[in-house]
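Report on the following structure.
The values are calculated or read from the model by the stated rules, or taken from the named source; none is laboratory data. Quantities reported herein were computed from a predicted structural model and do not represent experimental measurements. We place every Cβ from the backbone using ideal geometry, glycine too, and count neighbours over all the protein chains shown.
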Amino acid sequence: MIFEQVSEMGHEQVVFCYDRETGVRAIIAVHDSTLGKEQPSGVRASLGGTRRRAYRGVDDALEDVLRLSEGMTYKSAAAELELGGAKSVVLLDSKDAEKNPTEREAVVMGKFVHRMGGRYVAAEDMNVTEQYVDWMAEVTDYVIGGKTRARGGDPSPYTARGVVNAIKGGLTYANGAPDVAGVSVAIQGLGSVGEKVARMLAQEGASLVVTDTRKEKVDEVVAATGATAVNPDDILAVECDVLCPCAIGQVINDDTIGGLKCRIVAPGANNVLDKPFEHAAALRQRGIVYCPDFINNAGGVIRLGGLYIGLSEDEITEKIERITPRLIEILKTAESMESTYHAALAYAKERIKAGVARGQAGPSARDRVGESAPAQSIGGL
């Protein structure tokens with residue numbers, strides 16, 4: 001079963017890690033290193049966050065890391081970064097452990113990463129902080145996004161800026177202008193990205209509807225932005241110009257898609273479409289413009305990945321600003337395709353094919369490009 005999954009999705013390497021002394025368990029998946037910058041060790045770098053979760057089981061964790069690492073390949077490719085796609089997950093025993101990372105666990109995870117020899121570069125993701133990254137950096141240089149030992153810091157402001165740029169791209173395509181003043185935006189989730197998206201949009205005059213499972217966070221954002229708060233169960237059916245899911249994945253599914261009352265879906269979260277090809281096509285049929293998530297939320301990857309491969313601050317800023325015209329280009333291209341998701345995936349895969357043509361192919365990448373099964377989910381940093 002495991003080999004079937006790996007083969008179907010076209011991964012280069014999947015490593016199961018276990019530390020006897022601490023009991024720390026993790027899975028590292030490298031999807032495609034074709035575009036990765038060559039490391040001193042001779043391998044090509046693939047970037048992706050480390051996610052800590054109490055999964056229902058190993059099968060769930062494996063599915064998560066495979067999908068997310070595949071998504072990182074396309075996210076970095078579409079952002080025109082010299083990086084392949086990878087991801088890692090730490091399997092936790094309880095929900096309490098998600099909010100209580102320890103230095104001991106992080107150091108062990110850093111050792112797992114270091115053994116990859118630079119093929120995998122770790123960064124922040126769910127339940128991983130700058131401090132956790134710095135703890136990992138005690139034992140490996142193949143990590144980015146810390147505050148003291150590792151460079152980069154919190155990538156969420158850059159992710160949020162990219163999402164706002166994507167919203168402007170969607171508005172330009174739909175309305176002919178990027179202005180957000182007076183535009184109604186419904187934001188699901190006020191975490192590190194969603195809250196910043198809300199504050200940025202409010203500064204430019206958008207009319208906001210927000211929700212989160214944490215009442216104190218909702219109250220804080222409402223006070224700061226003048227937003228209207230709704231129950232978490234109601235946000236997807238809010239009548240608005242733009243729906244911006246910034247919480248969990250797969251929220252647009254067979255049960256919810258029929259109730260959407262928006263003109264544009266521009267996610268900040270990853271994997272918001274439960275069945276990407278099917279649901280992207282269904283959104284088009286309903287006259288809703290879908291802005292693919294792995295284009296929208298690439299700002300954090302551009303920031304940390306850019307620093308890792310040596311881009312300047314100006315180059316990083318320019319790449320994040322490029323999200324707007326890139327998205328417009330993809331939305332226009334999609335007019336002759338089944339959906340905007342198809343167009344975005346084709347955009348990323350064309351860049352990977354160009355890398356193969358230039359002789360950048362990593363192990364077996366030459367065989368995979370254009371032949372592996374279509375991506376079914378796009379992951380985050």
Which numbered condition residue 132 misses (of (1) touching a strand residue (DSSP E or B) at 6+ places or on another chain (Cβ under 7 Å); (2) farther than 16 Å from residue 75 by Cα; (3) of a type outside the set (D, E, K, R)):
(1)
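Taking residue 100 as the residue in question, decide whether it is under 21 Å from the mean Cα position of the chain (by Cα) and either modelled with pLDDT under 95 or not assigned by TED's automatic domain parsing to the domain that holds residue 32 (or both). Don't jump to the end; show me each part of the working.
Working: under 21 Å from the mean Cα position of the chain (by Cα): no; either modelled with pLDDT under 95 or not assigned by TED's automatic domain parsing to the domain that holds residue 32 (or both): yes.
No, not satisfied.
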Of everything in the range 4-21, what is without any contact (Cβ under 8 Å) to a residue 40 or more places away in the chain and either surrounded by 12 or more Cβ atoms within 10 Å (Cβ to Cβ) or among the polar types (S, T, N, Q) (or both)? Give them in sequence order.
7, 16, 18
So, in the range 187-213, how many residues would count as being in contact with a Pro (Cβ under 8 Å, 6 or more places away or on another chain) and part of a helix (DSSP H, G or I)?
1
Among the residues of the range 210-237, the number that are crowded, with 20+ Cβ neighbours inside 10 Å, of a type in the set (A, V, I, L, M) and within 22 Å of residue 257 (Cβ to Cβ) is 3
Condition set in a helix (DSSP H, G or I), of a type in the set (Lys, Arg) and touching a helix residue (DSSP H, G or I) at 6+ places or on another chain (Cβ under 9 Å), scope the range 313-356, selection surrounded by the most Cβ atoms within 10 Å (Cβ to Cβ): answer is 319
Looking at (1) part of a helix (DSSP H, G or I); (2) free of Cβ contacts under 8 Å to residues at least 60 places away in the same chain; (3) crowded, with 20+ Cβ neighbours inside 10 Å, find the lone condition where residue 303 falls short.
(2)
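Please go through the range 239-259 and pick out each residue that is of a type outside the set (Val, Ile, Thr), part of a loop (DSSP other than H, G, I, E, B), closer than 20 Å to residue 190 by Cβ and at pLDDT 95 or above. Show your work before the answer.
Initial filter on the range 239-259 (of a type outside the set (Val, Ile, Thr)): 239-241, 243-247, 249-250, 253-255, 258-259.
Of the ones still in play, those that are also part of a loop (DSSP other than H, G, I, E, B) are 240-241, 246-247, 249-250, 253-255.
With closer than 20 Å to residue 190 by Cβ added as a condition, the list becomes 240-241, 246-247, 249-250.
Result: 240, 241, 246.
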Among residues of the range 116-150 being polar (S, T, N, Q) and assigned to a loop (DSSP other than H, G, I, E, B), the residue surrounded by the most Cβ atoms within 10 Å (Cβ to Cβ) is 140
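Could you please find all residues in the range 158-186 being free of Cβ contacts under 8 Å to residues at least 60 places away in the same chain and assigned to a helix (DSSP H, G or I)? Reasoning before the result, please.
So the first thing to find is which residues in the range 158-186 are free of Cβ contacts under 8 Å to residues at least 60 places away in the same chain, and the list is 164, 175-177, 179-185.
Correct list: 164, 175.
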List pairs: first in the range 254-266 and among the charged types (D, E, K, R), second outside any loop (DSSP other than H, G, I, E, B), Cβ under 7 Å, 6+ apart or cross-chain?
261/237; 261/239; 263/174; 263/289
